[in-house]
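A quick write-up on the structure given underneath.
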Amino acid sequence: MVDYVDVVENMKRYGQPTPPAYNMTGIPNDLPLFVSYGGEDALADDDDVNLFLGSLNDHDGDKLVVQYRNDYAHADYVMAKNAKQDVYDPLIAFFRLH
């Protein structure tokens with residue numbers, strides 16, 4: 001959910017002054033998850049990612065991979081010349097195991 005920062009806009013969209021929290025309890029603990037995020041990503045900052053990862057504390061350890069790319073911003077996952085080797089090859093390898 002997007003926080004519109006404006007209470008009136010949040011109320012219009014969500015019926016409450018802040019955006020509702022995502023309910024992560026619906027994610028099965030044995031679902032394979034590959035989470036990749038970048039240190040230069042202004043759209044997925046460390047606080048948000050850590051909040052999300054904290055909600056996965058009970059996730060099966062062998063079903064969860066967290067990849068941090070210090071040099072990646074949001075668009076780099078699509079546009080970086082090295083995205084295939086840095087992100088997508090490990091992602092495909094992970095899913096082939098599961």
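For this structure, a couple of remarks:
- Filtered by the rule that a residue be closer than 27 Å to Asn70 by Cβ, touching a residue at least 12 places away in the same chain (Cβ under 8 Å) and polar (S, T, N, Q), the range 7-52 gives a lone residue, Ser36.
- Consider the range 48-98 and keep the residues that are open to solvent by 70 Å² or more (accessible area, probe 1.4 Å), of a type outside the set (A, V, I, L, M, F, W, C) and touching a strand residue (DSSP E or B) at 6+ places or on another chain (Cβ under 8 Å). The one that is nearest to Pro19 (Cα to Cα) is His74.
- Filter pass, Tyr4 being of a type outside the set (Val, Ile, Thr), free of Cβ contacts under 8 Å to residues at least 60 places away in the same chain, open to solvent by 70 Å² or more (accessible area, probe 1.4 Å) and touching a helix residue (DSSP H, G or I) at 6+ places or on another chain (Cβ under 6 Å): yes
The values are calculated or read from the model by the stated rules, or taken from the named source; none is laboratory data. If you're wondering where the values come from, they're calculated on a predicted model, not measured in any experiment. Quick reminder, even Gly has a Cβ in these numbers, built from the backbone with ideal geometry, and neighbours come from all protein chains shown. Each accessible area value is taken on the protein alone, full model and side chains, heavy atoms only, with ligands, DNA and RNA left out. Shrake-Rupley method; radii C 1.70, N 1.55, O 1.52, S 1.80 Å.
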